[in-house]
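Throughout, read-outs are computed from the coordinates displayed, never taken from laboratory work. Being a predicted model, the structure only gives us computed values, none of them experimental. For neighbour counting, all protein chains shown are included, and Cβ atoms are generated from backbone atoms with ideal geometry for every residue, glycine included.
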Amino acid sequence: MESRLLSDFWYNFDMLFNMRFGQVPAVIMDAYTHVLNLPVKWLMIRASDIDNYPNNFMKIIQNSSETVNALGIVSDFQVKQYNKLIDQHGNKELLIEAFSIFGQGLLYDNYLIENSHQPRRPNDEKIHMMDNVYLGYPRWYIYCRAAVIAGQNEEYWTDIGRFVTLAYNLHLRLNPQQSENGEDPENQENEQAANEFLAQLKNSNFDQLDSLYDNLQVREAFGM
């Protein structure tokens, strides 16, 4: 039951936010036009003016009302999805598990669309996991950091930043495989690694997490 619940969570998340899979609402598509370049700006600032970081990154966001508004829109939509899962458990434990098993590639989604009875995931992407580890996770993390700068709840989005980093670390450590021809690759759960990273990240702040995303592989992924 829990596997289906978490598969539905990530499926619905993709439908809202993933332009490759979903029916992304026009309001989110419009917001994306104002935030898609934030990861590149973040990397450039850290490369060229690290002595004034993070104040220089904060100014880029706060000096643009379009960016602030766009981050608010995307944040509000995401919070609604996260809170649905939190409410089903009464605390954040189920949400943490969702990110943990996402990073480990444990959710094989072979379910059908209710109305059409067609598979809701293509054969080569039935595992709910990050498509490109060095593009997707840094972008997601930087949005979390930027959301706080734009005025969103700091405690909430610091937690999401930690959960994103949990999944990122697990993906890097375990290298989960995507499905081929619709077959489950049967990625193996590593509870020890998940607990290890959770303990490391428990009290981490954004300044401590930044260095995990500022590296050669991420820069190359963003064409830098």
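Observations, loosely collected:
- Sparsely packed loop sites in the stretch 116-208 (the trypsin sites (Lys or Arg not before Pro) outside DSSP H, G, I, E and B with at most 11 other Cβ atoms within 10 Å) comprise Lys202.
- Residues whose placed amide H lies under 5 Å from that of Ile127, excluding near-sequence neighbours: Asp109, Ser179
- Note on Asn153/Ser64: beta-carbon distance plugged into 1/(1 + (r/R0)^6) with R0 of 30 Å gives a FRET efficiency of 0.90.
- Computed from backbone phi with θ = phi - 60° and the Karplus coefficients 6.51, -1.76 and 1.60, the 3J(HN,Hα) list for the stretch 159-172 is 4, 4, x, 5, 5, 4, 5, 4, 5, 4, 4, 5, 4, 5 Hz; x is used for glycine and proline.
- Using the Stokes-Einstein relation with a Kirkwood hydrodynamic radius computed over Cα pairs, the translational diffusion coefficient of the chain at 10 °C and a viscosity of 1.306 mPa s comes to 87 µm²/s.
- Within a Gaussian network of the chain (alpha carbon springs, distance under 10 Å), most fluctuating of Thr33, Thr165, Thr67: Thr33
- Full-extension gain in nm, Asn203 to Val40, via 0.36 nm per residue minus C-alpha separation: 56.0 nm
- Amide hydrogen proximity for Gln152: with H placed 1.01 Å from N in the peptide plane, no residue at 5 or more positions away or on another chain lies under 5 Å.
- Within the chain, longest stretch clear of exposed GluC sites (Glu not before Pro) (DSSP loop, no more than 14 other Cβ within 10 Å): 1-113
- The stretch 2-221: Lys pairs at Cα distance under 28 angstrom, eight or more positions apart or on different chains: 12
- Cleavage-rule hits, chymotrypsin sites (Phe, Trp or Tyr not before Pro), the stretch 103-148, DSSP coil, Cβ neighbours within 10 Å at most 14: Tyr111
- Gln188-Ser3 FRET efficiency (beta carbon distance; Förster radius 22 Å; 0.05 resolution): 0.90
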